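The values are calculated or read from the model by the stated rules, or taken from the named source; none is laboratory data. Worth saying up front: this structure is predicted, and the values here are computed from it rather than measured. Counting neighbours? That spans all protein chains shown, and the Cβs are built from the backbone with ideal geometry, glycine included. Side chains are part of the model used for accessible areas, which takes the heavy atoms of the whole protein and leaves out ligands, DNA and RNA. Shrake-Rupley method; radii C 1.70, N 1.55, O 1.52, S 1.80 Å.
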Amino acid sequence: MQAPAEIALLADFFDRYGAALTSGDVAAVAGCYALPGMVVADSYSFTFTSPAAVALSFLGAAPAYRELRVVAANAQFLDVRRLSEALVLVEVEWEYLDGDGQALSGDRFHYLLRTDSGGPRITTVVATH
């Protein structure tokens with residue numbers, strides 16, 4: 001079981017990340033990543049080496065959220081594992097809400113985060129839909 005303070009820190013981080021994703025604020029999304037970073041899915045993987053590369057990779061997500069009328073993304077923690085002093089592995093299922101407050105089917109991801117004096121940042125994302 002993780003300490004309440006650590007869960008609160010992670011919840012705050014994922015609240016900011018979800019807000020940045022659904023609002024299309026790619027600069028804020030980029031600020032949530034440690035560099036270099038990586039995304040891995042069944043059919044692809046790619047790495048980021050700069051904030052601009054992170055922002056570019058998320059530009060396509062904003063229209064998809066707008067098309068679905070997603071206005072909020074809430075992270076539900078399924079598992080939180082402290083791997084080291086700086087690393088934590090978090091399994092998240094996203095609950096998306098539309099403009100009417102209706103829940104939309106969410107996605108599931110594993111996030112490897114590194115925490116430093118600036119707080120947690122994503123180093124690796126694994127899509128596990």
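Can you give me the number of residues within region 78-106 that are of a type in the set (A, V, I, L, M) and in contact (Cβ under 8 Å) with a residue 60 or more places away in the chain? Can you show your working first?
Initially, region 78-106 is screened for residues of a type in the set (A, V, I, L, M), giving 78, 80, 83, 86-90, 92, 97, 103-104.
Next cut, in contact (Cβ under 8 Å) with a residue 60 or more places away in the chain only: 80, 88, 90, 92.
Number satisfying all stated conditions: 4.
Mind checking which residues of region 1-43 are without any contact (Cβ under 8 Å) to a residue 24 or more places away in the chain, over 14 Å from the mean Cα position of the chain (by Cα) and over 17 Å from P120 (Cβ atoms)?
Passing the criteria: M1, S43.
Restricting to region 62-100, give me the number of residues that are open to solvent by 90 Å² or more (accessible area, probe 1.4 Å) and among the acidic types (D, E).
Summing the residues that are open to solvent by 90 Å² or more (accessible area, probe 1.4 Å) and among the acidic types (D, E) in region 62-100 gives 3.
Outside any helix (DSSP H, G or I) and either in contact with a strand residue (DSSP E or B) (Cβ under 7 Å, 6 or more places away or on another chain) or of a type in the set (K, R) (or both): does that describe R114?
yes
Failed condition for D42, given (1) under 18 Å from L112 (Cα atoms); (2) open to solvent by 60 Å² or more (accessible area, probe 1.4 Å); (3) outside any loop (DSSP other than H, G, I, E, B); (4) modelled with pLDDT under 95, with all others met?
Here D42 meets the rest and fails (3).
For region 45-60, which residues satisfy the criterion of being open to solvent by 30 Å² or more (accessible area, probe 1.4 Å) and under 25 Å from L104 (Cβ atoms)?
S57, F58, L59, G60
Only one of A11, A27, A19 is outside any strand (DSSP E or B), open to solvent by 30 Å² or more (accessible area, probe 1.4 Å), modelled with pLDDT under 95 and touching a strand residue (DSSP E or B) at 6+ places or on another chain (Cβ under 8 Å). Can you tell me which?
On inspection, the qualifying residue turns out to be A19.
What number of residues in region 101-129 are over 29 Å from E67 (Cβ atoms), modelled with pLDDT of 95 or more and open to solvent by 60 Å² or more (accessible area, probe 1.4 Å)?
1
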